[in-house]
């Protein structure tokens, strides 16, 4: 046995020496680099655009709180061979790129409201899609006020866009395609049902009002495609409009704030001399939904699967996740998940199945 172990150790040492020496040879390093580049450039996930299912990718599951592995609010919906992005918070464009999403195929961005953690990545998403070869200007839908938001981003990126057109040529990067176009969704009247935003082939997107005062109006969105459906809540306190819009949906992607944790943060912040933090933590508790309240809404709407996102504060460990979701199992014993960046939910056409994967 000792000889066998010595032999294995010797073989491992020899292999390590070969690798060490090899990495000091430019030809070897260059070969490895080319293989890595090839892998990166060929990993775009075109299968997500196949017209056989409604697919939902979480590309940002955090709230304004910082987190190492979660971008700010973003959900990407794949339907009609296009990508429909609901909110695009800071870091979300980077997440989409890391996941291999072809940003030239974004059909539109749909903003739920204009808090910074829902719009901060808009300029970068537009730039990446333009550079990737998007053939039309990016359409940005949202509540009244979306004109100001889009105009501001267009102006902020105007010099950057002009530099890139001058550098790469107007035929390669036409300046007109870099200028985003706002599409105002007038506030739906409660009782009239969701307002149709867009219909394309088998896809129908509707908007409905949610309660996020003093942010008004604020919307959630429903996508219906090939007999399957997903509802995205946006930021909201408990409201019957969401339950009505989500009736019978296959998937509900709902925000969740752990107010029992937020209240404790406020208490400790006051004790350690951080009054501004304490005030903010106290203020935010009345215009968000807790995980247990989201579970109650999912039950009333009789949805197939509930996925919690926009986590406030985003849990940094499995123990924190357990604390965050305390009480959810008692309300909804199954068919719910805590969302994470890269979670992919697939709803195949002509089926009741729900497939969950991690990209």
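Are there any strands (runs of 3 or more DSSP E) wholly within the range 284-359 with 1 or more residues that are free of Cβ contacts under 8 Å to residues at least 60 places away in the same chain and under 21 Å from residue 237 (Cα atoms), and if so which? Give the steps one after another, and end with the answer.
Working: elements: 305-312, 336-338, 343-348, 355-358.
In the range 284-359, 305-312, 336-338 are the strands (runs of 3 or more DSSP E) which contain 1 or more residues that are free of Cβ contacts under 8 Å to residues at least 60 places away in the same chain and under 21 Å from residue 237 (Cα atoms).
Could you say whether any residue in the range 242-249 is within 30 Å of residue 104 (Cα to Cα), under 23 Å from the mean Cα position of the chain (by Cα) and part of a strand (DSSP E or B)? No; the residues of the range 242-249 include none that is within 30 Å of residue 104 (Cα to Cα), under 23 Å from the mean Cα position of the chain (by Cα) and part of a strand (DSSP E or B).
Just one of the numbered conditions (1) exposed (fewer than 12 other Cβ atoms within 10 Å of the Cβ); (2) more than 18 Å from residue 138 (Cβ to Cβ) is not true of residue 172: (2). Within the range 212-226, if we keep just the residues that are in a loop (DSSP other than H, G, I, E, B) and either surrounded by 21 or more Cβ atoms within 10 Å (Cβ to Cβ) or in contact with a strand residue (DSSP E or B) (Cβ under 9 Å, 6 or more places away or on another chain) (or both), the residue that is modelled with the highest pLDDT turns out to be 226.
Set side by side, the residues 96, 110, 122 differ, and just one is in contact with a strand residue (DSSP E or B) (Cβ under 6 Å, 6 or more places away or on another chain), farther than 19 Å from residue 48 by Cβ, modelled with pLDDT of 95 or more and crowded, with 22+ Cβ neighbours inside 10 Å, which is 122.
The number of residues in the range 250-278 that are assigned to a helix (DSSP H, G or I) and touching a residue at least 12 places away in the same chain (Cβ under 8 Å) comes to 10. Here is the figure for the range 215-227: residues that are closer than 14 Å to residue 143 by Cα and more than 19 Å from the chain's Cα centre (by Cα) total 3. Going residue by residue through the range 192-199, is there one that turns out to be under 21 Å from the mean Cα position of the chain (by Cα), without any contact (Cβ under 8 Å) to a residue 60 or more places away in the chain, under 24 Å from residue 127 (Cα atoms) and not in a loop (DSSP other than H, G, I, E, B)? Checked the range 192-199: no residue is under 21 Å from the mean Cα position of the chain (by Cα), without any contact (Cβ under 8 Å) to a residue 60 or more places away in the chain, under 24 Å from residue 127 (Cα atoms) and not in a loop (DSSP other than H, G, I, E, B). Just so you know, in the range 229-241 the residues that are assigned to a loop (DSSP other than H, G, I, E, B) and under 14 Å from the mean Cα position of the chain (by Cα) include one that is surrounded by the fewest Cβ atoms within 10 Å (Cβ to Cβ), and it is 235.
The values are calculated or read from the model by the stated rules, or taken from the named source; none is laboratory data. Only a predicted model underlies this, so the values are computations on that prediction, with no experimental measurement involved. All Cβ positions, even for glycine, are placed from backbone atoms using ideal geometry, and neighbour counts span all protein chains on display.
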